Amino acid sequence: MLKTAYCNGQVYTGTLPLVSAFLVEGNKVICIGSDEEVLRAAGADAEKVDLQGRFAIASFNDSHMHLLAYGDALTEAKLNEHTGSLADMVSYLKEFESEHPHCDGAWLQGRGWNQDYFSDVNRMPVRQDLDQVSTDVPVVAVRACGHILCVNSKALELIGVNDDTPDPEGGAIGHDENGHLSGIFSDNAMDLYVYPRIPVPDKAKIKEMIKAACRQLNRYGVTSSQTDDYCKFRAVPWSVVNEAYKELEESGDLTVRVYEQSNFTTLRELRKFVEAGCKTGAGTDKFRIGPLKMLGDGALGARTAYLSRPYADDPSTQGYPLFDQQTFDEMIGYANENDMQVAVHAIGDGCLDMVLDAYEKAFARHPREDHRCGIVHCQISRPDQLKRIADMHLHVYMQSIFLNYDIRMVEQRVGKELASTSYAWKTLKNMGVSVSNGTDCPVELPDALACMQCGVTRKTLDETMGPYLPDEAFSVQEILDSYTIRSAEASFEEHVKGKLAKGYFADFVVLGKNPFDVPKETIQDIPVVATFMDGRKVYGNL
(Lines give C-alpha, C1' and ligand atoms only; values in the text may rest on other atoms or scores of the structure.)
Protein backbone atom coordinates (compact mmCIF):
# COMPACT_ATOMS: atom_id res chain seq x y z
CA MET A 1 0.00 0.00 0.00
CA LEU A 2 1.36 3.42 -0.99
CA LYS A 3 2.77 5.55 1.78
CA THR A 4 2.82 9.35 1.72
CA ALA A 5 5.18 11.38 3.90
CA TYR A 6 4.13 14.96 4.69
CA CYS A 7 7.24 16.85 5.79
CA ASN A 8 8.58 20.33 6.52
CA GLY A 9 5.40 21.44 8.25
CA GLN A 10 4.08 22.68 11.57
CA VAL A 11 1.97 19.76 12.75
CA TYR A 12 -0.36 19.89 15.75
CA THR A 13 -0.83 16.43 17.24
CA GLY A 14 -3.17 17.42 20.07
CA THR A 15 -0.24 18.32 22.31
CA LEU A 16 2.55 20.87 22.15
CA PRO A 17 5.22 21.37 20.94
CA LEU A 18 4.45 21.05 17.25
CA VAL A 19 6.25 18.43 15.15
CA SER A 20 7.21 18.69 11.50
CA ALA A 21 6.01 15.56 9.72
CA PHE A 22 3.64 12.62 9.56
CA LEU A 23 3.27 9.49 7.46
CA VAL A 24 0.05 8.19 5.93
CA GLU A 25 -0.56 4.66 4.68
CA GLY A 26 -3.99 3.93 3.24
CA ASN A 27 -6.51 5.77 5.39
CA LYS A 28 -4.43 5.89 8.59
CA VAL A 29 -1.57 7.88 10.07
CA ILE A 30 1.22 5.41 10.85
CA CYS A 31 4.04 7.64 12.07
CA ILE A 32 4.43 11.18 13.35
CA GLY A 33 7.48 13.15 14.44
CA SER A 34 10.47 14.87 12.89
CA ASP A 35 11.21 14.87 9.17
CA GLU A 36 14.05 12.42 9.77
CA GLU A 37 11.90 10.00 11.76
CA VAL A 38 9.06 10.05 9.26
CA LEU A 39 11.26 9.72 6.18
CA ARG A 40 13.09 6.80 7.78
CA ALA A 41 9.77 5.05 8.42
CA ALA A 42 8.49 5.92 4.94
CA GLY A 43 11.20 4.19 2.97
CA ALA A 44 12.52 5.02 -0.48
CA ASP A 45 9.31 4.24 -2.37
CA ALA A 46 7.02 6.57 -0.43
CA GLU A 47 5.54 9.68 -2.01
CA LYS A 48 6.85 12.83 -0.37
CA VAL A 49 4.87 16.04 0.05
CA ASP A 50 6.57 19.25 1.13
CA LEU A 51 4.23 21.22 3.40
CA GLN A 52 6.44 24.29 2.91
CA GLY A 53 6.16 25.27 6.54
CA ARG A 54 2.37 25.20 6.56
CA PHE A 55 0.27 24.22 9.57
CA ALA A 56 -1.45 20.79 9.63
CA ILE A 57 -4.07 19.60 12.09
CA ALA A 58 -6.75 16.92 12.28
CA SER A 59 -9.56 18.15 10.06
CA PHE A 60 -12.44 19.94 11.71
CA ASN A 61 -15.47 18.21 13.20
CA ASP A 62 -18.63 20.32 13.43
CA SER A 63 -20.34 18.78 16.44
CA HIS A 64 -23.80 20.20 15.75
CA MET A 65 -25.23 21.26 12.42
CA HIS A 66 -27.86 20.39 9.81
CA LEU A 67 -26.08 19.01 6.74
CA LEU A 68 -29.18 18.25 4.69
CA ALA A 69 -30.75 21.60 5.54
CA TYR A 70 -27.54 23.31 4.45
CA GLY A 71 -27.62 21.47 1.14
CA ASP A 72 -31.19 22.64 0.67
CA ALA A 73 -30.29 26.20 1.68
CA LEU A 74 -27.63 26.29 -1.06
CA THR A 75 -30.48 26.15 -3.60
CA GLU A 76 -32.60 28.83 -1.90
CA ALA A 77 -32.51 32.62 -1.77
CA LYS A 78 -29.61 33.63 0.50
CA LEU A 79 -31.32 36.16 2.72
CA ASN A 80 -28.33 36.36 5.08
CA GLU A 81 -26.60 38.37 2.34
CA HIS A 82 -29.54 40.80 2.14
CA THR A 83 -30.60 41.37 5.73
CA GLY A 84 -29.30 44.92 6.16
CA SER A 85 -32.78 46.23 5.50
CA LEU A 86 -36.24 44.83 4.88
CA ALA A 87 -36.39 46.76 1.61
CA ASP A 88 -33.20 45.10 0.39
CA MET A 89 -34.52 41.67 1.36
CA VAL A 90 -37.75 42.19 -0.56
CA SER A 91 -35.91 43.59 -3.59
CA TYR A 92 -33.54 40.61 -3.60
CA LEU A 93 -36.43 38.15 -3.37
CA LYS A 94 -38.08 39.83 -6.36
CA GLU A 95 -34.87 39.47 -8.32
CA PHE A 96 -34.46 35.86 -7.21
CA GLU A 97 -38.03 35.06 -8.31
CA SER A 98 -37.47 36.56 -11.74
CA GLU A 99 -34.26 34.55 -12.20
CA HIS A 100 -35.71 31.31 -10.81
CA PRO A 101 -39.25 30.94 -12.15
CA HIS A 102 -41.44 28.74 -9.95
CA CYS A 103 -44.17 26.52 -11.31
CA ASP A 104 -46.05 23.27 -10.66
CA GLY A 105 -46.69 24.08 -7.02
CA ALA A 106 -43.09 24.98 -6.17
CA TRP A 107 -42.51 27.54 -3.45
CA LEU A 108 -40.02 30.39 -3.48
CA GLN A 109 -37.90 29.75 -0.40
CA GLY A 110 -35.23 31.80 1.32
CA ARG A 111 -33.43 31.75 4.64
CA GLY A 112 -31.22 34.03 6.66
CA TRP A 113 -33.04 37.29 7.57
CA ASN A 114 -32.55 38.84 10.98
CA GLN A 115 -34.79 41.73 12.00
CA ASP A 116 -32.15 43.05 14.40
CA TYR A 117 -30.05 43.97 11.36
CA PHE A 118 -32.85 45.82 9.52
CA SER A 119 -31.92 49.50 9.26
CA ASP A 120 -35.26 50.71 7.85
CA VAL A 121 -37.83 49.07 10.16
CA ASN A 122 -37.90 47.74 13.70
CA ARG A 123 -39.96 44.60 13.14
CA MET A 124 -40.04 41.20 11.49
CA PRO A 125 -41.27 40.83 7.90
CA VAL A 126 -44.99 40.15 7.48
CA ARG A 127 -47.11 38.71 4.69
CA GLN A 128 -47.71 42.13 3.08
CA ASP A 129 -43.96 42.51 2.60
CA LEU A 130 -43.71 39.16 0.85
CA ASP A 131 -46.81 39.93 -1.23
CA GLN A 132 -44.62 42.52 -2.95
CA VAL A 133 -42.51 39.60 -4.21
CA SER A 134 -45.43 37.60 -5.58
CA THR A 135 -49.15 37.14 -5.13
CA ASP A 136 -49.22 34.06 -7.36
CA VAL A 137 -46.28 32.01 -6.05
CA PRO A 138 -46.17 30.91 -2.39
CA VAL A 139 -43.20 32.54 -0.67
CA VAL A 140 -41.57 31.51 2.61
CA ALA A 141 -38.71 33.43 4.24
CA VAL A 142 -37.08 31.71 7.21
CA ARG A 143 -35.22 33.64 9.90
CA ALA A 144 -31.50 32.85 10.30
CA CYS A 145 -32.15 30.85 13.48
CA GLY A 146 -34.65 28.55 11.74
CA HIS A 147 -37.19 28.95 14.55
CA ILE A 148 -39.45 31.52 12.93
CA LEU A 149 -40.59 32.27 9.38
CA CYS A 150 -42.89 34.46 7.36
CA VAL A 151 -45.07 33.54 4.39
CA ASN A 152 -47.03 35.58 1.86
CA SER A 153 -50.79 35.61 1.34
CA LYS A 154 -50.66 32.95 -1.39
CA ALA A 155 -48.89 30.58 1.02
CA LEU A 156 -51.47 31.35 3.74
CA GLU A 157 -54.19 30.41 1.27
CA LEU A 158 -52.53 27.03 0.66
CA ILE A 159 -51.81 26.44 4.34
CA GLY A 160 -55.48 26.82 5.21
CA VAL A 161 -55.25 28.55 8.59
CA ASN A 162 -57.45 31.48 9.58
CA ASP A 163 -57.54 34.20 12.20
CA ASP A 164 -59.08 31.81 14.72
CA THR A 165 -56.73 28.86 14.25
CA PRO A 166 -55.31 28.06 17.70
CA ASP A 167 -51.60 28.03 18.47
CA PRO A 168 -50.16 24.54 18.82
CA GLU A 169 -48.26 23.60 21.95
CA GLY A 170 -44.68 24.81 21.57
CA GLY A 171 -45.42 27.17 18.70
CA ALA A 172 -47.29 30.31 17.68
CA ILE A 173 -49.21 31.76 14.74
CA GLY A 174 -48.63 35.50 14.35
CA HIS A 175 -51.39 38.10 14.17
CA ASP A 176 -51.37 41.85 13.53
CA GLU A 177 -52.85 44.47 15.82
CA ASN A 178 -56.30 43.81 14.35
CA GLY A 179 -56.15 40.08 15.03
CA HIS A 180 -55.54 39.11 11.39
CA LEU A 181 -52.86 36.65 10.27
CA SER A 182 -49.47 38.32 9.91
CA GLY A 183 -47.87 35.43 8.01
CA ILE A 184 -45.46 34.70 10.89
CA PHE A 185 -45.15 31.16 12.28
CA SER A 186 -42.76 29.93 14.94
CA ASP A 187 -41.39 26.54 16.01
CA ASN A 188 -44.07 23.82 16.20
CA ALA A 189 -46.51 25.97 14.21
CA MET A 190 -44.06 25.86 11.29
CA ASP A 191 -43.90 22.06 11.42
CA LEU A 192 -47.66 21.67 11.80
CA TYR A 193 -48.94 24.14 9.22
CA VAL A 194 -46.24 25.38 6.84
CA TYR A 195 -43.68 22.71 6.05
CA PRO A 196 -46.23 19.95 5.25
CA ARG A 197 -47.49 22.14 2.37
CA ILE A 198 -44.07 22.54 0.72
CA PRO A 199 -43.23 19.80 -1.82
CA VAL A 200 -40.42 17.55 -0.58
CA PRO A 201 -37.47 16.22 -2.60
CA ASP A 202 -37.02 12.61 -3.65
CA LYS A 203 -34.00 10.53 -2.64
CA ALA A 204 -31.99 11.53 -5.70
CA LYS A 205 -32.44 15.20 -4.89
CA ILE A 206 -31.57 14.57 -1.24
CA LYS A 207 -28.31 12.95 -2.36
CA GLU A 208 -27.48 15.99 -4.47
CA MET A 209 -28.13 18.27 -1.50
CA ILE A 210 -25.85 16.19 0.73
CA LYS A 211 -23.06 16.16 -1.85
CA ALA A 212 -23.28 19.93 -2.33
CA ALA A 213 -23.17 20.50 1.42
CA CYS A 214 -20.19 18.16 1.83
CA ARG A 215 -18.25 20.02 -0.85
CA GLN A 216 -18.77 23.28 1.00
CA LEU A 217 -17.77 21.77 4.35
CA ASN A 218 -14.56 20.45 2.81
CA ARG A 219 -13.72 23.99 1.67
CA TYR A 220 -13.79 25.04 5.32
CA GLY A 221 -11.56 22.15 6.40
CA VAL A 222 -14.45 20.09 7.80
CA THR A 223 -14.62 16.31 7.26
CA SER A 224 -16.87 15.29 10.15
CA SER A 225 -20.42 16.43 10.77
CA GLN A 226 -22.67 15.63 13.71
CA THR A 227 -25.88 16.49 11.98
CA ASP A 228 -29.61 16.69 12.69
CA ASP A 229 -31.23 15.76 9.36
CA TYR A 230 -34.52 14.03 10.03
CA CYS A 231 -36.30 17.26 10.99
CA LYS A 232 -35.63 19.02 7.67
CA PHE A 233 -38.26 17.18 5.64
CA ARG A 234 -40.65 15.57 8.12
CA ALA A 235 -42.60 13.96 5.29
CA VAL A 236 -39.49 12.08 4.15
CA PRO A 237 -39.01 8.90 6.23
CA TRP A 238 -35.78 8.72 8.21
CA SER A 239 -35.02 5.48 6.40
CA VAL A 240 -34.83 7.34 3.07
CA VAL A 241 -32.33 9.82 4.51
CA ASN A 242 -30.24 6.92 5.82
CA GLU A 243 -30.39 5.19 2.44
CA ALA A 244 -29.21 8.37 0.73
CA TYR A 245 -26.17 8.55 2.99
CA LYS A 246 -25.37 4.86 2.60
CA GLU A 247 -25.60 5.03 -1.19
CA LEU A 248 -23.28 8.03 -1.25
CA GLU A 249 -20.85 6.14 0.97
CA GLU A 250 -20.92 3.12 -1.33
CA SER A 251 -20.31 5.27 -4.41
CA GLY A 252 -17.41 7.11 -2.75
CA ASP A 253 -19.23 10.45 -2.89
CA LEU A 254 -19.56 11.02 0.86
CA THR A 255 -16.63 13.28 1.71
CA VAL A 256 -17.77 14.03 5.26
CA ARG A 257 -18.12 11.50 8.06
CA VAL A 258 -21.67 11.72 9.41
CA TYR A 259 -22.85 11.06 12.95
CA GLU A 260 -26.63 11.39 12.79
CA GLN A 261 -28.26 13.32 15.62
CA SER A 262 -31.58 11.54 15.25
CA ASN A 263 -34.42 14.00 15.72
CA PHE A 264 -37.78 12.63 16.89
CA THR A 265 -40.75 14.35 18.51
CA THR A 266 -42.78 11.42 19.85
CA LEU A 267 -42.00 8.34 21.88
CA ARG A 268 -43.84 6.23 19.31
CA GLU A 269 -41.50 7.34 16.49
CA LEU A 270 -38.45 6.85 18.68
CA ARG A 271 -39.51 3.31 19.62
CA LYS A 272 -39.87 2.35 15.95
CA PHE A 273 -36.41 3.74 15.23
CA VAL A 274 -34.77 1.85 18.09
CA GLU A 275 -36.67 -1.37 17.38
CA ALA A 276 -35.39 -1.17 13.79
CA GLY A 277 -31.87 -1.49 15.19
CA CYS A 278 -31.00 2.19 14.98
CA LYS A 279 -29.14 2.77 18.22
CA THR A 280 -26.18 4.98 19.00
CA GLY A 281 -23.09 3.57 17.30
CA ALA A 282 -24.88 1.53 14.62
CA GLY A 283 -23.32 1.99 11.20
CA THR A 284 -19.88 2.54 9.72
CA ASP A 285 -17.10 5.06 10.18
CA LYS A 286 -18.67 7.08 7.33
CA PHE A 287 -22.32 7.05 8.45
CA ARG A 288 -23.27 6.21 12.00
CA ILE A 289 -26.33 6.67 14.18
CA GLY A 290 -25.67 9.11 17.01
CA PRO A 291 -27.90 10.39 19.79
CA LEU A 292 -31.59 11.01 20.11
CA LYS A 293 -31.83 14.71 19.29
CA MET A 294 -34.61 16.80 20.80
CA LEU A 295 -35.37 20.44 20.12
CA GLY A 296 -36.17 21.82 23.55
CA ASP A 297 -37.02 25.45 22.83
CA GLY A 298 -36.60 28.18 20.25
CA ALA A 299 -34.02 30.92 19.72
CA LEU A 300 -32.95 33.98 21.65
CA GLY A 301 -33.10 36.39 18.72
CA ALA A 302 -36.71 35.46 18.02
CA ARG A 303 -37.58 35.52 21.77
CA THR A 304 -38.81 31.92 21.54
CA ALA A 305 -36.05 30.45 23.74
CA TYR A 306 -37.72 29.50 27.05
CA LEU A 307 -36.46 31.61 29.94
CA SER A 308 -37.15 31.17 33.64
CA ARG A 309 -38.39 34.76 33.72
CA PRO A 310 -39.90 37.21 31.19
CA TYR A 311 -37.67 38.73 28.51
CA ALA A 312 -36.10 41.96 29.71
CA ASP A 313 -37.01 43.71 26.44
CA ASP A 314 -40.48 42.16 26.14
CA PRO A 315 -42.08 41.30 29.50
CA SER A 316 -45.13 39.88 27.71
CA THR A 317 -43.26 36.66 26.94
CA GLN A 318 -40.65 34.30 28.33
CA GLY A 319 -40.63 32.07 25.25
CA TYR A 320 -41.88 28.50 25.49
CA PRO A 321 -40.66 24.90 25.65
CA LEU A 322 -41.42 22.71 22.64
CA PHE A 323 -42.28 19.74 24.89
CA ASP A 324 -43.86 19.41 28.30
CA GLN A 325 -41.92 17.89 31.18
CA GLN A 326 -43.61 14.52 30.84
CA THR A 327 -42.54 14.19 27.21
CA PHE A 328 -38.96 15.15 28.02
CA ASP A 329 -38.95 12.59 30.83
CA GLU A 330 -40.44 9.80 28.73
CA MET A 331 -38.27 10.23 25.64
CA ILE A 332 -34.97 10.85 27.43
CA GLY A 333 -35.76 8.03 29.84
CA TYR A 334 -36.57 5.57 27.05
CA ALA A 335 -33.43 6.48 25.09
CA ASN A 336 -31.25 6.14 28.16
CA GLU A 337 -32.74 2.77 29.07
CA ASN A 338 -31.96 1.57 25.56
CA ASP A 339 -28.34 2.76 25.79
CA MET A 340 -28.88 5.64 23.41
CA GLN A 341 -26.97 8.84 23.74
CA VAL A 342 -29.18 11.96 23.97
CA ALA A 343 -28.50 15.54 22.86
CA VAL A 344 -31.08 18.24 23.61
CA HIS A 345 -31.22 21.78 22.22
CA ALA A 346 -31.59 24.14 25.18
CA ILE A 347 -30.98 27.87 24.73
CA GLY A 348 -33.08 29.41 27.51
CA ASP A 349 -32.42 28.68 31.17
CA GLY A 350 -36.08 27.70 31.66
CA CYS A 351 -35.69 24.98 29.07
CA LEU A 352 -32.36 23.95 30.57
CA ASP A 353 -34.09 23.38 33.94
CA MET A 354 -36.55 20.99 32.30
CA VAL A 355 -33.86 19.08 30.40
CA LEU A 356 -31.60 18.73 33.43
CA ASP A 357 -34.54 17.47 35.48
CA ALA A 358 -35.28 14.85 32.79
CA TYR A 359 -31.65 13.72 32.72
CA GLU A 360 -31.51 13.37 36.50
CA LYS A 361 -34.63 11.20 36.50
CA ALA A 362 -33.34 9.07 33.61
CA PHE A 363 -29.92 8.47 35.18
CA ALA A 364 -31.48 7.66 38.55
CA ARG A 365 -33.65 4.95 36.95
CA HIS A 366 -30.93 3.57 34.66
CA PRO A 367 -27.41 4.61 35.69
CA ARG A 368 -24.75 4.59 32.97
CA GLU A 369 -21.05 5.28 33.40
CA ASP A 370 -20.33 6.72 29.95
CA HIS A 371 -23.57 8.04 28.48
CA ARG A 372 -22.09 11.09 26.65
CA CYS A 373 -25.54 12.72 26.84
CA GLY A 374 -25.47 16.45 26.43
CA ILE A 375 -26.82 19.95 25.98
CA VAL A 376 -26.79 21.54 22.54
CA HIS A 377 -26.11 25.32 22.65
CA CYS A 378 -26.23 25.81 26.44
CA GLN A 379 -26.44 29.59 26.09
CA ILE A 380 -28.52 31.21 28.83
CA SER A 381 -27.50 29.62 32.10
CA ARG A 382 -27.22 30.12 35.85
CA PRO A 383 -24.40 28.94 38.13
CA ASP A 384 -26.59 26.25 39.71
CA GLN A 385 -27.24 24.79 36.27
CA LEU A 386 -23.56 24.74 35.35
CA LYS A 387 -22.87 22.70 38.46
CA ARG A 388 -25.63 20.22 37.58
CA ILE A 389 -24.18 19.80 34.09
CA ALA A 390 -20.75 19.03 35.53
CA ASP A 391 -22.13 16.74 38.24
CA MET A 392 -23.99 14.63 35.65
CA HIS A 393 -20.93 14.51 33.34
CA LEU A 394 -22.93 15.91 30.43
CA HIS A 395 -21.31 16.93 27.16
CA VAL A 396 -21.86 20.51 25.96
CA TYR A 397 -22.08 21.38 22.26
CA MET A 398 -21.17 25.07 22.01
CA GLN A 399 -21.34 27.30 18.95
CA SER A 400 -18.82 30.05 19.65
CA ILE A 401 -19.75 31.69 16.31
CA PHE A 402 -23.07 32.67 17.92
CA LEU A 403 -21.17 35.32 19.89
CA ASN A 404 -20.79 37.26 16.65
CA TYR A 405 -24.50 38.15 16.74
CA ASP A 406 -25.62 37.42 20.29
CA ILE A 407 -23.18 39.85 21.91
CA ARG A 408 -25.25 42.58 20.30
CA MET A 409 -28.44 41.68 22.12
CA VAL A 410 -27.97 39.15 24.94
CA GLU A 411 -28.06 41.65 27.83
CA GLN A 412 -30.97 43.47 26.19
CA ARG A 413 -32.91 40.20 25.86
CA VAL A 414 -32.28 38.54 29.24
CA GLY A 415 -31.04 41.32 31.53
CA LYS A 416 -27.68 41.98 33.12
CA GLU A 417 -27.92 39.28 35.81
CA LEU A 418 -28.58 36.34 33.49
CA ALA A 419 -26.22 37.69 30.83
CA SER A 420 -23.37 37.69 33.36
CA THR A 421 -23.47 33.88 33.74
CA SER A 422 -24.38 32.86 30.18
CA TYR A 423 -22.34 31.47 27.28
CA ALA A 424 -20.16 30.16 30.12
CA TRP A 425 -18.41 27.47 28.12
CA LYS A 426 -14.92 28.08 29.57
CA THR A 427 -16.35 27.82 33.08
CA LEU A 428 -17.87 24.47 32.10
CA LYS A 429 -14.59 23.32 30.59
CA ASN A 430 -12.76 24.27 33.78
CA MET A 431 -15.31 22.22 35.73
CA GLY A 432 -14.28 19.14 33.74
CA VAL A 433 -17.04 19.22 31.12
CA SER A 434 -16.19 18.12 27.57
CA VAL A 435 -17.12 21.12 25.41
CA SER A 436 -17.12 20.67 21.63
CA ASN A 437 -17.70 23.27 18.94
CA GLY A 438 -19.74 23.77 15.80
CA THR A 439 -21.80 26.25 13.82
CA ASP A 440 -25.41 24.98 13.77
CA CYS A 441 -25.12 25.50 10.00
CA PRO A 442 -27.17 26.74 8.13
CA VAL A 443 -27.91 29.07 11.05
CA GLU A 444 -24.31 30.16 10.39
CA LEU A 445 -21.91 29.21 7.62
CA PRO A 446 -19.82 26.12 8.46
CA ASP A 447 -16.78 28.38 8.82
CA ALA A 448 -14.74 26.62 11.49
CA LEU A 449 -11.99 29.24 11.66
CA ALA A 450 -14.40 32.15 12.07
CA CYS A 451 -16.20 30.15 14.74
CA MET A 452 -12.94 29.55 16.58
CA GLN A 453 -11.97 33.22 16.35
CA CYS A 454 -15.12 34.20 18.27
CA GLY A 455 -14.25 31.61 20.90
CA VAL A 456 -10.83 33.12 21.63
CA THR A 457 -11.74 36.82 21.29
CA ARG A 458 -15.33 36.81 22.65
CA LYS A 459 -15.88 39.64 20.16
CA THR A 460 -17.85 40.13 16.98
CA LEU A 461 -15.94 39.17 13.85
CA ASP A 462 -15.73 42.80 12.76
CA GLU A 463 -14.24 43.76 16.14
CA THR A 464 -16.93 46.39 16.76
CA MET A 465 -18.35 44.81 19.92
CA GLY A 466 -16.94 42.88 22.86
CA PRO A 467 -15.24 41.26 24.53
CA TYR A 468 -18.26 39.79 26.26
CA LEU A 469 -17.29 38.03 29.50
CA PRO A 470 -13.58 37.89 28.47
CA ASP A 471 -12.77 35.41 31.24
CA GLU A 472 -14.81 32.88 29.25
CA ALA A 473 -12.39 33.10 26.28
CA PHE A 474 -10.64 29.89 25.21
CA SER A 475 -6.94 29.77 24.45
CA VAL A 476 -5.94 28.98 20.86
CA GLN A 477 -5.04 25.42 21.84
CA GLU A 478 -8.33 24.94 23.70
CA ILE A 479 -10.38 26.24 20.77
CA LEU A 480 -8.55 23.99 18.28
CA ASP A 481 -9.22 21.05 20.57
CA SER A 482 -12.90 22.01 20.78
CA TYR A 483 -13.20 21.50 17.01
CA THR A 484 -11.18 18.28 16.91
CA ILE A 485 -10.56 16.23 20.06
CA ARG A 486 -13.61 17.40 22.01
CA SER A 487 -15.89 16.94 19.00
CA ALA A 488 -14.57 13.40 18.61
CA GLU A 489 -15.48 12.79 22.26
CA ALA A 490 -19.04 13.84 21.46
CA SER A 491 -19.34 10.86 19.11
CA PHE A 492 -17.30 8.27 21.09
CA GLU A 493 -14.56 8.49 18.43
CA GLU A 494 -11.66 10.09 20.29
CA HIS A 495 -9.57 6.94 19.76
CA VAL A 496 -9.79 7.11 15.96
CA LYS A 497 -10.07 10.79 15.05
CA GLY A 498 -9.58 14.28 16.43
CA LYS A 499 -5.77 14.08 16.42
CA LEU A 500 -2.96 13.65 13.96
CA ALA A 501 -1.56 10.61 15.75
CA LYS A 502 -0.45 7.07 14.99
CA GLY A 503 -3.38 4.76 14.28
CA TYR A 504 -5.87 7.59 13.70
CA PHE A 505 -7.77 8.27 10.48
CA ALA A 506 -5.80 10.33 7.98
CA ASP A 507 -8.37 13.13 8.16
CA PHE A 508 -6.46 16.40 8.20
CA VAL A 509 -6.44 19.97 7.00
CA VAL A 510 -3.49 22.08 5.87
CA LEU A 511 -3.76 25.78 6.67
CA GLY A 512 -1.89 28.67 5.11
CA LYS A 513 -0.89 30.11 8.50
CA ASN A 514 -0.29 28.84 12.02
CA PRO A 515 -3.18 29.79 14.36
CA PHE A 516 -0.74 29.91 17.27
CA ASP A 517 1.32 32.62 15.54
CA VAL A 518 -1.26 35.03 14.08
CA PRO A 519 -3.16 37.72 16.01
CA LYS A 520 -6.31 36.17 17.49
CA GLU A 521 -8.43 38.68 15.58
CA THR A 522 -7.22 37.29 12.23
CA ILE A 523 -7.85 33.57 12.70
CA GLN A 524 -10.88 33.78 10.39
CA ASP A 525 -8.57 34.99 7.59
CA ILE A 526 -6.32 31.91 7.64
CA PRO A 527 -6.72 30.16 4.27
CA VAL A 528 -7.63 26.48 4.02
CA VAL A 529 -5.03 25.13 1.60
CA ALA A 530 -6.19 21.50 1.40
CA THR A 531 -8.52 19.08 3.17
CA PHE A 532 -8.04 15.31 3.33
CA MET A 533 -10.31 12.48 4.44
CA ASP A 534 -9.06 8.88 4.65
CA GLY A 535 -5.78 10.12 3.18
CA ARG A 536 -7.59 11.32 0.04
CA LYS A 537 -7.64 14.99 -0.90
CA VAL A 538 -11.23 16.26 -0.98
CA TYR A 539 -10.42 19.95 -1.39
CA GLY A 540 -7.49 22.15 -2.36
CA ASN A 541 -4.32 22.27 -4.41
CA LEU A 542 -1.59 20.84 -2.17
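The values are calculated or read from the model by the stated rules, or taken from the named source; none is laboratory data. Every value quoted in this text rests on a predicted model; they were computed, and no experiment measured them. Glycine also receives a Cβ, built like all others from the backbone with ideal geometry; neighbour counts cover every protein chain displayed. Each accessible area value is taken on the protein alone, full model and side chains, heavy atoms only, with ligands, DNA and RNA left out. Shrake-Rupley method; radii C 1.70, N 1.55, O 1.52, S 1.80 Å.
Spin-label model, residue 357/residue 45: points 7 Å from Cα along the beta carbon direction are separated by 6.6 nm. What is the percent carbon and sulfur in the accessible area of the chain, measuring with a 1.4 Å probe over the protein chains and ignoring ligands? Percent of accessible area from carbon and sulfur atoms in the chain: 48. Taking the charge dipole of the chain about its Cα centre, with +1 at Lys and Arg Cβ atoms and -1 at Asp and Glu Cβ atoms, the residue from 496, 224, 110 reaching farthest to the positive side is 496.
The percentage of C-alpha pairs in region 1-109 whose separation is greater than 19 Å is 63%.
Using R0 = 30 Å, the C-beta based FRET efficiency linking residue 28 and residue 253 works out to 0.90.
Relative contact order of region 1-114, taken over Cα pairs closer than 8 Å and 6 or more residues apart, is 23 percent. Take every Cα pair under 8 Å whose residues are at least 6 apart in sequence, average their separation, divide by the length of region 179-287, and the relative contact order is 29 percent.
Packing order of peptides 32-41, 484-493, highest average first: 484-493, 32-41 (average count of other Cβ atoms within 10 Å over each peptide's residues).
Normalised by the number of residues in the chain, the average gap of Cα pairs under 8 Å and 6 or more apart makes the relative contact order 17 percent. Listed peptides 295-302, 402-409 appear in the order 295-302, 402-409 once ranked by packing, highest mean of other Cβ atoms within 10 Å at the front. Spacing of the modelled spin labels on residue 384 and residue 100, each 7 Å from Cα toward Cβ, amounts to 4.8 nm.
Think of each Lys and Arg Cβ as +1 and each Asp and Glu Cβ as -1; about the Cα centre, that makes the dipole of the chain roughly 1280 debye. For region 318-408, the fraction of alpha-carbon pairs lying more than 17 Å apart is 47 percent, rounded to a whole number. In whole percents, the pair-distance distribution calculated for region 160-309 from its alpha-carbon pairs, binned every 5 Å from zero, is 2, 8, 15, 17, 17, 15, 12, 8, 5, 2, 1, 0. Positive-end ranking of 98, 210, 122 along the dipole of the chain, with charges on Cβ about the Cα centre, is headed by 210. In this simple spin-label model, placing a label point 7 Å from the Cα along the Cα-to-Cβ direction at both residue 120 and residue 326 gives a separation of 4.9 nm. State the antiparallel share, in %, of DSSP beta bridges confined to region 39-188, rounding to the nearest 5. Taking every DSSP beta bridge with both residues in region 39-188, the antiparallel ones total about 60 percent.
For residue 2, neighbours were defined as the other residues whose beta-carbon sits under 11 Å from its Cβ, and their charges (Lys and Arg +1, Asp and Glu -1) total -2. Each Lys and Arg adds +1 at its Cβ and each Asp and Glu adds -1 at its Cβ; summed about the Cα centre, region 1-152 shows a dipole of about 440 debye. Each Lys and Arg contributes +1 and each Asp and Glu -1, all at the Cβ; summed about the Cα centre of region 75-230, the dipole is approximately 800 debye. For the chain, adding -39500 (n - 2.57) for each run of n ≥ 4 DSSP H residues and dividing by the number of residues yields -8500 deg cm²/dmol at 222 nm.
Ranking 281, 326, 299 by Cα position along the charge dipole of region 281-333, where only Lys, Arg, Asp and Glu carry charges on their C-beta atoms, puts 281 farthest toward the positive end. Length available on full extension from residue 417 to residue 18: 0.36 nm per residue minus the Cα-Cα distance, which gives 139.5 nm. Accessible area of residue 30 (1.4 Å probe, protein heavy atoms only, ligands and nucleic acids ignored): about 50 Å². Applied to region 311-319, the Karplus parametrisation 6.51 cos²θ - 1.76 cosθ + 1.60 on θ = phi - 60° returns per-residue 3J(HN,Hα) values of 4, 5, 9, 7, x, 6, 9, 10, x Hz, with x for Gly and Pro. Computed on the Cα atoms alone, the convex hull of region 52-132 gives a volume of 186 cubic angstrom per residue.
A simple packing score, the average count of other Cβ atoms within 10 Å per residue, orders the peptides 147-159, 6-18 as 147-159, 6-18, with the highest score first.
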